[in-house]
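Below: the structure, in structure tokens.
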Amino acid sequence: MASPTVYPSVDGLLTPENEGHRYAKTPHLWALGVGAVIGGEFYGWQSSLIAGFNGLLILLVFVTTLYTLLTFSIAEMSASIPSGGGPYVFSLHGIGPKAAYFAGLAEIVKVISTVATTTYGIFLYLDALFGLNTSYAPIWWIGTNVLFVSLNIVGVEATFRVQVFATFLSTAMLVVFYCGSFSQLDYTTWVVDQNWEWTTWSDSIQGLSFALWFYFGIEEMPLAVDETIEPEKNMPRGIIWSMVTLVILAILTLVCSSLISPGAAAVYQTTAPLVTGYKSVFGDNNVTAGFTWLTFLTKVHPTRGSAYAALIAGGVANQVLAISLFYIVGIVDLGSVTINLALLGALISYSFQLVSFIMLRINQPDRPRPYRSPFGIAGAVVCLFLCLVCFAAIIYSGTSSNNFLIAVITAVIIFVIGTVYYFKAVLPRLNSEKFNQISPRSSKSLRQNLMSIQSNV
């Protein structure tokens, strides 16, 4: 009789007894990957037009290269380490527990800021459609957040199903817009005559961070590896197919939105570019929705199996962040600040993952790798360099833009607090004899307690 299949886990082996809850295959993962990113086609990317249309085309090549190399590296690690936790787990295996803590902290900054940006973006679309009172914006954010948190608490399977529906609906809305705009595309009228082919170098540097929004979120897919059937096969496929889809959507969104009325210069100023595009093409409106995944705390719903405590805590945290920044910078600049805060966290998280990939390749060359990145260490090094360029661009932009500066200061404050907590509370436990003697736990136990150290086993 053949031996049962086991997979390597961060704390031991993932055995068939933990496999019963798995149901996600490549189509589900495709929907998750595209769905986590597709909100960027609706809001956020238009700010990158500050670089000009031609300038943004160059930036799009840059960020497409970055995310392509990143996703192939993540695909290899997610197949080799099929355990939930994403950058935390990759860093734990590749670098060590200290790096894993800060990778996890960067991921928290990214996720909380992203959810705040998502609720803000949804409000902007509702405002563009129905003319809402911006004074009550925080109430709408809270309502949207409660809806998403409640959906996740219902259970991961329900979230996957809604994600698939929302992804297909959002993609269909974009395709309808693309098809309607093709006959109206005019580069000369809407770009050249508006003198919006190129802008300044400084504007291009500012546009770089917003261009990342076309693909931002694709790296979340490895967090679903615990719910994936045959993760060593389906996870790489899901990541790659998602990336192919997003490249096509990014190009079409940029071209179809910028080369029709009211033109690239006006789209740069709009808060809801797809609404503007729909009104230009069809003379009316439409709207979308966005979803994102939150990270874990330890308490799990007794019947649904969802990390409800983490979902609620994350929901509260992102709303505190959004509302606090709302009263500091105002409704107009809030999105720019939260986007750049999310990107700062993301770029730090990406860097940890890429370093982990390189160190795993060097230090563990014989590790089982059901899928191997065709770009190898060289691709990871290039991607790491591109991440550093993007990070430097945000820091540089902080010298001339208050929105960038506030994002940088907020990120610094969060990381200072996180660092103090690390040295006061986490490091002593990492060095404790009991931590070093913890016996292997199941993947389910890890999933419930990923970012904490259990007091008893």
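The values are calculated or read from the model by the stated rules, or taken from the named source; none is laboratory data. Bear in mind the structure is a predicted one, so any value in this text is a computation, not a measurement. Positions of Cβ are generated from backbone atoms using ideal geometry, with glycine treated the same way; all protein chains shown enter the neighbour counts.
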* Asked: If you check Leu212 against the conditions, is it part of a helix (DSSP H, G or I), under 21 Å from Tyr268 (Cα atoms) and either touching an Asp or Glu at 6+ places or on another chain (Cβ under 8 Å) or at pLDDT 90 or above (or both)?
  -> yes
* **In segment 397-410, residue farthest from Ile328 (Cα to Cα) [restricted to those that are buried (at least 17 other Cβ atoms within 10 Å of the Cβ) and either of a type outside the set (A, V, I, L, M, F, W, C) or modelled with pLDDT of 90 or more (or both)]** => Ser397
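Yes or no, residue by residue, for (1) more than 19 Å from the chain's Cα centre (by Cα); (2) without any contact (Cβ under 8 Å) to a residue 24 or more places away in the chain; (3) surrounded by fewer than 17 Cβ atoms within 10 Å (Cβ to Cβ):
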{"position": "Gly143", "(1), (2), (3)": "yes, yes, yes"}
{"position": "Thr167", "(1), (2), (3)": "no, no, no"}
{"position": "Thr200", "(1), (2), (3)": "yes, yes, yes"}
{"position": "Gln206", "(1), (2), (3)": "yes, no, no"}
{"position": "Phe210", "(1), (2), (3)": "no, no, no"}
{"position": "Phe216", "(1), (2), (3)": "no, no, no"}
{"position": "Glu220", "(1), (2), (3)": "no, no, no"}
* Considering segment 257-274 alone, what residues qualify as being outside any helix (DSSP H, G or I) and either without any contact (Cβ under 8 Å) to a residue 60 or more places away in the chain or under 24 Å from the mean Cα position of the chain (by Cα) (or both)? -> Thr270, Thr271, Ala272
* Considering segment 371-383 alone, what residues qualify as being surrounded by fewer than 22 Cβ atoms within 10 Å (Cβ to Cβ) and assigned to a helix (DSSP H, G or I)? -> Gly376, Ile377, Ala378, Gly379, Val381, Val382
* Structure fact -> Going through segment 375-430 in order, the residues found to be of a type in the set (D, E, K, R) and touching a helix residue (DSSP H, G or I) at 6+ places or on another chain (Cβ under 7 Å) are Arg429
* Can you tell me which residue among Gly238, Gly217 is touching a helix residue (DSSP H, G or I) at 6+ places or on another chain (Cβ under 8 Å), on the phi > 0 side of the Ramachandran plot and not aromatic (Phe, Trp, Tyr)? => Gly217
* **Single residue of segment 63-82 satisfying the filter (more than 18 Å from the chain's Cα centre (by Cα) and in a helix (DSSP H, G or I)) that is modelled with the lowest pLDDT** => Ala79
* **Subset of segment 83-132 (residues that are part of a helix (DSSP H, G or I) and of a type in the set (S, T, N, Q))** => Ser91, Ser113, Thr114, Thr117, Thr118, Thr119
* In segment 221-267, the residues that are small (Gly, Ala, Ser) and closer than 13 Å to His28 by Cα -> Ala224, Gly238, Ser242
* Asked: Would segment 329-341 turn up any residue that is under 19 Å from Ala106 (Cβ atoms), part of a helix (DSSP H, G or I), touching a Gly at 6+ places or on another chain (Cβ under 9 Å) and at pLDDT 75 or above?
  -> yes
* Asked: Is at least one residue of segment 98-116 among the β-branched types (Val, Ile, Thr) and more than 26 Å from Pro231 (Cβ to Cβ)?
  -> yes
* Flag if Leu249 is in contact with a helix residue (DSSP H, G or I) (Cβ under 9 Å, 6 or more places away or on another chain), more than 22 Å from Gln163 (Cα to Cα) and either at pLDDT 85 or above or buried (at least 21 other Cβ atoms within 10 Å of the Cβ) (or both) -> no
